[in-house]
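The values are calculated or read from the model by the stated rules, or taken from the named source; none is laboratory data. Please read all numbers here as calculations on a predicted model, not as lab measurements. Reconstructed Cβ throughout: ideal geometry from the backbone, glycine too, with neighbour counts over all protein chains shown. We work out accessible area using only protein heavy atoms, side chains counted, and drop any ligands, DNA or RNA first. Shrake-Rupley method; radii C 1.70, N 1.55, O 1.52, S 1.80 Å.
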Amino acid sequence: MATYRVQVQDTAEMFDVSPGETVLEAAIRAQVKLPHECTLGGCGTCRVKLAAGSVSYEEFPMALSPEEAEKGYALACQARPTSDLVISLPRVELTAPTRQQALITDIVERGRDVIHLSLALPDLDTFVYRPGQHMNVLLADGSHRSFSMASAPTGNLADFHVRRIPGGRFTDELLPQMQPGDTLDVELPHGTFRYHEEDYRSVVMVATGTGLSPVKCILESLMDDPDCPPVWLYWGMRSEADLYLHDEIAQWGKRLYDFRYVPVLSRPDTSWQGRRGYVQGAVVQDHADMSEHAIYLCGSPNMISTAKKDFLDRGASVDHIYVDGFNFQSRA
Ligand SMILES: Cc1cc2nc3c(=O)[nH]c(=O)nc-3n(C[C@H](O)[C@H](O)[C@H](O)COP(=O)(O)OP(=O)(O)OC[C@H]3O[C@@H](n4cnc5c(N)ncnc54)[C@H](O)[C@@H]3O)c2cc1C
């Protein structure tokens, strides 16, 4: 096995990948910054474009479709070079993350298993982030848990929707014990998921569960904006009781230019009058041709993987699909 050289087109940085290493592992070793999050091939944050060269995978990653691979995209956390590479990164100007002590200003239960959390960052005058980004909560054992900002930037405040995972160290054991006035160690903002205003296309947003958070943040930032494109929002949940923000979303159309909201339930009661089944199924029923849409997929990695396949089959462009996979983080 050989050592291969990787050149980052955007920054002219170079590093070598030793036999057996992934592109991301080698970049971290060489202190070259590549965006990444889950490191398991599930979230898609480390997607790069191969301007030259080729890679292989031990196991084809969940957050990459064969169509994306064919068009020259690769996931740096799983890709092993099979030649020298030239890679290019998504172009985003991002605020560097900093460690902060966040003050809990509000914490309430919503729906069956969601905690609405409001935080203030007393050491910052303004919390600057791009809608779609997330924070990392730092735990005492050195691991972290990620949660997307669920409100558009406002002063030094931000809201979050945290799903309680039964047995989850942070969401089930620590957070429910906390109250206003308590503090959390956090690092923020993180992530490259964002709205792409340069697309000039109608938007289809598909969220499962608290995958609604980054979607809400983006849509709030587009409210009353004359350049807001037509938006379809599909929100997948199990039952009506899970739709923890249903009434509020139903009002968003008043401030978004052309907004359609479609809740989709996989296990509804007989009384449910709305759409049934898996959320991606409802999207393909409504959109036979997806070639002209910008598509945002947030939440369950399984939904994201299936939706990508289904939408690519209907002509969606790999260059206009953006994903924010909520991977599990207990091993971090
Ligand atoms: C970029 C990013 C943004 C995220 N944003 C949000 C957000 O805004 N809101 C939100 O609620 N979550 C979000 N998540 C998911 C959240 O970080 C994880 O669910 C986290 O692992 C929960 O931490 P925990 O300590 O409670 O559970 P852990 O102790 O990490 O896990 C306990 C057990 O539950 C399983 N588990 C963990 N998470 C899930 C899950 N989501 N579904 C099913 N099983 C799971 C684990 O595999 C493990 O077996 C995000 C994840 C990422 C990567």
Q: Report the label-to-label distance for Asp10 and Ser202 in nanometres (one decimal), using points 7 Å from each Cα along the Cα→Cβ vector.
A: 3.1 nm
Q | Rounded to whole Å, sorted largest first: equivalent-ellipsoid semi-axes of region 263-332, Cα gyration tensor | A | 22, 20, 8
Q: Give me the Debye-computed log₁₀ of I(q)/I(0) at q = 0.08, 0.10, 0.13, 0.16 Å⁻¹ for the chain, equal point scatterers on Cα only, no solvent, two decimals.
A: -0.38, -0.60, -1.03, -1.48
Q | Convex hull (Cα only) mean projected area of region 28-115, reported in nm² to one decimal | A | 9.3 nm²
**Q.** For the chain, share of DSSP beta bridges that run antiparallel, in % to the nearest 5
**A.** 60 percent
Q | Largest-first ordering by accessible area, 1.4 Å probe, given options Thr22, Thr192, Thr3 | A | Thr3, Thr192, Thr22
**Q.** the chain, relative contact order in percent, only Cα pairs under 8 angstrom and at least six apart counted
**A.** 16 percent
Q) In whole Hz, what ³J(HN,Hα) sequence does region 10-19 give by Karplus (6.51, -1.76, 1.60; θ = phi - 60°), x for Gly and Pro? A) 5, 10, 6, 6, 10, 8, 9, 9, 6, x
Q. In whole Å, how far is the Cα centre of region 264-326 from that of region 230-251?
A. 14 Å
(Q) Show me the GluC sites (Glu not before Pro) within region 229-318 that DSSP assigns to loop and that have at most 14 other Cβ atoms within 10 Å of their Cβ. (A) Glu292
Q. For Thr3, what charge total do you get from the other residues with a beta carbon under 15 Å from its beta carbon, if Lys and Arg give +1 and Asp and Glu give -1?
A. -1
Q | Relative contact order (%) - region 72-190, alpha-carbon pairs under 8 angstrom, separation at least six | A | 32 percent
**Q.** For region 290-301, 3J(HN,Hα) per residue [Karplus equation, 6.51 cos²θ - 1.76 cosθ + 1.60, θ = phi - 60°, Hz, x = Gly/Pro]
**A.** 10, 5, 10, 9, 9, 10, 10, 10, 9, x, 4, x
**Q.** Separation of alpha-carbon centers, region 1-37 and region 90-143, rounded to whole Å
**A.** 29 Å
Q: Could you please report the charge total around Val17, scoring K, R as +1 and D, E as -1 over all other residues with beta-carbon less than 12 angstrom from its beta-carbon?
A: -1
Q) Which value, in Å², gives the accessible area per residue of the chain when a 1.4 Å probe is used on the protein heavy atoms? A) 47 Å²
Q) Non-local amide H neighbours of Val55 (under 5 Å, H modeled in plane, Pro and chain starts lacking H): which ones? A) Thr82
Q) Per-residue HN-Hα couplings for region 49-60, Karplus 6.51 cos²θ - 1.76 cosθ + 1.60 at θ = phi - 60°, whole Hz, x for Gly and Pro? A) 9, 8, 7, 7, x, 9, 9, 9, 10, 5, 9, 5
Q) Which trypsin sites (Lys or Arg not before Pro) from region 200-302 combine a DSSP loop assignment with at most 15 other Cβ atoms within 10 Å? A) Arg238, Arg255
Q: Return P(r) of region 88-176 (all Cα-Cα pairs; 5 Å bins starting at 0; whole %; ordered from short to long distances).
A: 3, 12, 22, 26, 18, 12, 6, 2, 0
Q: Take the solvent-accessible surface of the protein heavy atoms, probe 1.4 Å, and return the percent of it on the chain that carbon and sulfur atoms account for.
A: 48 percent
Q: With a cut-off of at most 16 other beta carbons within 10 Å, and DSSP calling the residue loop, which GluC sites (Glu not before Pro) in region 1-36 qualify? Please list them.
A: Glu13
